[in-house]
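The values are calculated or read from the model by the stated rules, or taken from the named source; none is laboratory data. Since the structure is predicted, the reported quantities are computational estimates derived from the model, not experimental observations. Glycine gets a Cβ as well: all are built from the backbone with ideal geometry, and neighbour counts include every protein chain shown.
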Amino acid sequence: MLVDSHCHLEYEGLAERQSEALQSARQVGVSAFLNISTRRSEWERVVGTASRHDDVWASVGIHPHEADSHDGLGKGTLLAAAEDARVIGIGETGLDYHYNRSEHETQQRLFRMHIDVARETRLPVIIHTRDAEDDTYAILAEEMEKGMFPALIHCFTASADFARKVLALGLSISLSGIVTFKNARDLQEIAATLPRNRLLVETDSPFLAPVPHRGKPCEPAFVRSTAEFLATLRNESFDDLAAATSDNFYALFTKAAR
């Protein structure tokens, strides 16, 4: 069985056919889903969906693109939301300097606040990073010095050096359909060597549909195509990779029940 460790079930393309998409995924062996939030206004819907489905879990957090519009969000608000029984992760949060939709300082401040909540709750922080490797690593290293916390780099597309450094800090890495793209040779080289006990898979749906579904809106069922590709890439059986990535999900997101 597989776990889609990162999907956006409230986004256009999935929200209007949520039940159908979840059932399609279950039929191809996906046994659990982590429904990710990106802004405060989504939290109630994200948690609500998780409350209606025993195999769906939720995260609460603010995406770096949304940082400027959440500059006043207090730690207490995030802590209170994290108390819900269906909330198993903090995020997604992090740094995105590619589009610069929010001020870097605001992104960094909110990123550190999410880490503080993750440290206090022991819920993993789910990290988005794009064109911000140096600052992301610096913040992670500085915050780890203050006290350990569980964390995951989602939809990994960074460098091999960044992978080595975050793995050394104890983080896990999740791969999306991007790893199946023909122009993702560097990422494929990294994916082939990632330690099995730190590897997760995801769709980031409705974005980034893997081969052979390119051009379609992504959905949780497509995590199987990513896992099949990774199994071949890593010279592992599909069943072994599926079992390992699922075990890693539950080892990291300890609040989730199998």
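The listed residues are Asp68, Asp54, Asp4, and the only one of them that is loosely packed, with under 15 Cβ neighbours inside 10 Å, at pLDDT 95 or above and either within 17 Å of Phe249 (Cβ to Cβ) or in contact with a Leu (Cβ under 9 Å, 6 or more places away or on another chain) (or both) turns out to be Asp54.
Of all residue pairs spaced 6 or more apart or on separate chains, those with beta-carbon atoms under 8 Å, a first member in region 238-253 that is outside any helix (DSSP H, G or I) and a second member that is of a type in the set (Val, Ile, Thr) and crowded, with 19+ Cβ neighbours inside 10 Å are Phe253/Ile88. Candidates Ser5, Ser37: the one that is in a strand (DSSP E or B) and not hydrophobic (A, V, I, L, M, F, W, C) is Ser5. Condition check: surrounded by 13 or more Cβ atoms within 10 Å (Cβ to Cβ) and acidic (Asp, Glu). Does Asp84 satisfy that? So Asp84 fits the description; yes. Selection of region 10-55 for residues being in contact (Cβ under 8 Å) with a residue 60 or more places away in the chain, within 27 Å of Asp71 (Cβ to Cβ) and within 18 Å of the chain's Cα centre (by Cα) yields Tyr11, Leu34, Ile36.
May I ask you to verify whether Pro150 is touching a residue at least 60 places away in the same chain (Cβ under 8 Å) and not polar (S, T, N, Q)? So Pro150 fits the description; yes. For Ala227, the criteria (1) touching a residue at least 60 places away in the same chain (Cβ under 8 Å); (2) surrounded by fewer than 19 Cβ atoms within 10 Å (Cβ to Cβ) hold in every case but one, which is (2).
For Ser24, the test of being out of contact with any strand residue (DSSP E or B) (no Cβ under 7 Å at 6 or more places or on another chain), in a helix (DSSP H, G or I), of a type in the set (Ser, Thr, Tyr) and closer than 15 Å to Pro206 by Cβ is passed. Annotation note: of Leu200, Leu233, the sole residue that is closer than 20 Å to Leu22 by Cα, of a type in the set (A, V, I, L, M) and surrounded by 15 or more Cβ atoms within 10 Å (Cβ to Cβ) is Leu200.
For Val47, indicate whether it is over 25 Å from Ala244 (Cβ atoms), among the β-branched types (Val, Ile, Thr) and surrounded by 15 or more Cβ atoms within 10 Å (Cβ to Cβ). Spelling it out, Val47 is indeed over 25 Å from Ala244 (Cβ atoms), among the β-branched types (Val, Ile, Thr) and surrounded by 15 or more Cβ atoms within 10 Å (Cβ to Cβ). Assess whether Ala209 counts as being closer than 25 Å to His63 by Cβ, over 18 Å from the mean Cα position of the chain (by Cα) and without any contact (Cβ under 8 Å) to a residue 40 or more places away in the chain. So Ala209 fails the test. Going by the conditions given, is Phe222 of a type outside the set (Lys, Arg) and assigned to a helix (DSSP H, G or I)? The answer is yes for Phe222. Do we have any residue at all in region 65-87 that's in a loop (DSSP other than H, G, I, E, B), over 23 Å from Leu208 (Cα atoms), basic (Lys, Arg) and under 19 Å from the mean Cα position of the chain (by Cα)? Checked against the condition, which is being in a loop (DSSP other than H, G, I, E, B), over 23 Å from Leu208 (Cα atoms), basic (Lys, Arg) and under 19 Å from the mean Cα position of the chain (by Cα), region 65-87 yields at least one hit. Residues in region 138-191 that are within 20 Å of Pro212 (Cα to Cα), in contact with a helix residue (DSSP H, G or I) (Cβ under 6 Å, 6 or more places away or on another chain) and of a type in the set (Gly, Ala, Ser) were compared, and the one that is surrounded by the most Cβ atoms within 10 Å (Cβ to Cβ) is Gly177.
Arg101 satisfies every condition listed in (1) in contact with a strand residue (DSSP E or B) (Cβ under 8 Å, 6 or more places away or on another chain); (2) in a loop (DSSP other than H, G, I, E, B) except (1). Checking region 67-90 against the condition returns no match, with no residue being in contact with a helix residue (DSSP H, G or I) (Cβ under 7 Å, 6 or more places away or on another chain) and on the phi > 0 side of the Ramachandran plot.
Considering only region 53-61, I want to know if a residue exists there that is among the acidic types (Asp, Glu) and under 27 Å from Glu120 (Cα atoms). Yes, some residue in region 53-61 is among the acidic types (Asp, Glu) and under 27 Å from Glu120 (Cα atoms).
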